[in-house]
Amino acid sequence: MDHNICQKLQGYSKPIKIDIVDDHKMIVQSLCRLIDSSKIAVVEHVYYDIKSCKQGLMKNIHPDILLLDIGLPDGDGVAYCAEIIRDYPDMKIIMLTSYNEFNVAKRALSNGALGYILKNAEPEEIFAGIETVNRGQQFLCEEIDILLSNRPDEEAPWFSNREMEILQYIANGCTTREIARKIYRDDDTVKSHRRNLLIKMDAVNTAVLIRKAYEQNLLNQ
């Protein structure tokens, strides 16, 4: 770790309490090691889905900061962020995710997240985010800060060619298994793409996804 950061961390007498919500176990393990070795913070609880996080928040002492992923197996982390803030208004949330999408980031901040950090960020940036958000201030990693600064609010979501292809298949009524066969991928890959489409379009289900896609002229009539 950077020497200047080490010096800075030595001034903390009480570590910042962190909970993590992320279904990628290897990433969680790496985060836990990184955070616990920093002396600035300590990981107290880890949850691998929204359901277990809800249960944990009801029975455990709340963390100073919740690191929340977006693409969770049982729901959209951005939508869940709004739910957490509704139930626990003082909760400080950092979205720690791989989604570097303008509309996803804007929606997360609108839903009450104080921080937005990409998973490929350097450790120094993660610690800076934890420290800043713990003070009640907003923190955006450099890439997201630039993205939000240079894009207009009304800009539509960006989709890859593969996502557009799958979106059209969904609108045509194809099942996950049928789409997987058409694009020569497994079912899990298609499920992942479907989840990404729902998140990017802020859609609670497939019907809403299709309606919004037609409204934005993303689909062939």
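The values are calculated or read from the model by the stated rules, or taken from the named source; none is laboratory data. Remember, it's a predicted structure, so these values are computed and weren't measured experimentally. Glycine gets a Cβ as well: all are built from the backbone with ideal geometry, and neighbour counts include every protein chain shown.
Here Thr176 meets each of (1) touching a helix residue (DSSP H, G or I) at 6+ places or on another chain (Cβ under 8 Å); (2) free of Cβ contacts under 8 Å to residues at least 60 places away in the same chain; (3) surrounded by 15 or more Cβ atoms within 10 Å (Cβ to Cβ); (4) not assigned by TED's automatic domain parsing to the domain that holds Ala207 with one exception, condition (4).
Give the residue that is farthest from Asn134 (Cα to Cα), with candidates limited to residues of the range 39-54 that are of a type outside the set (Asp, Glu) and assigned to a strand (DSSP E or B). Before the answer, list the steps.
Taking the range 39-54 as the starting set, the residues that turn out to be of a type outside the set (Asp, Glu) are 39-43, 45-48, 50-54.
Applying the additional criterion that residues be assigned to a strand (DSSP E or B) yields 41-43, 45-47.
Numbers: Ala41: 10, Val42: 13, Val43: 14, His45: 17, Val46: 19, Tyr47: 20 Å.
Out of the qualifying residues, it is Tyr47.
Just wondering, is there one or more residues in the range 159-169 that are β-branched (Val, Ile, Thr) and in contact with a strand residue (DSSP E or B) (Cβ under 9 Å, 6 or more places away or on another chain)? For the range 159-169, residues β-branched (Val, Ile, Thr) and in contact with a strand residue (DSSP E or B) (Cβ under 9 Å, 6 or more places away or on another chain): absent. Looking at the range 92-107, can you tell me whether even one residue there is assigned by TED's automatic domain parsing to the domain that holds Leu31, part of a loop (DSSP other than H, G, I, E, B), within 15 Å of the chain's Cα centre (by Cα) and touching a residue at least 60 places away in the same chain (Cβ under 8 Å)? Yes: one or more hits.
Okay, residues lined up against (1) within 19 Å of Val21 (Cβ to Cβ); (2) out of contact with any strand residue (DSSP E or B) (no Cβ under 7 Å at 6 or more places or on another chain):
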position: Lys51; (1), (2): yes, yes
position: Gly56; (1), (2): yes, no
position: Asp74; (1), (2): yes, yes
position: Asp90; (1), (2): yes, yes
position: Arg107; (1), (2): yes, yes
position: Gly115; (1), (2): yes, no
position: Glu131; (1), (2): no, yes
position: Asn134; (1), (2): yes, no
position: Asp145; (1), (2): no, yes
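Restricting Asp64, Asp36 to those that are within 19 Å of Asn134 (Cα to Cα), charged (D, E, K, R) and at pLDDT 95 or above reduces the list to Asp64.
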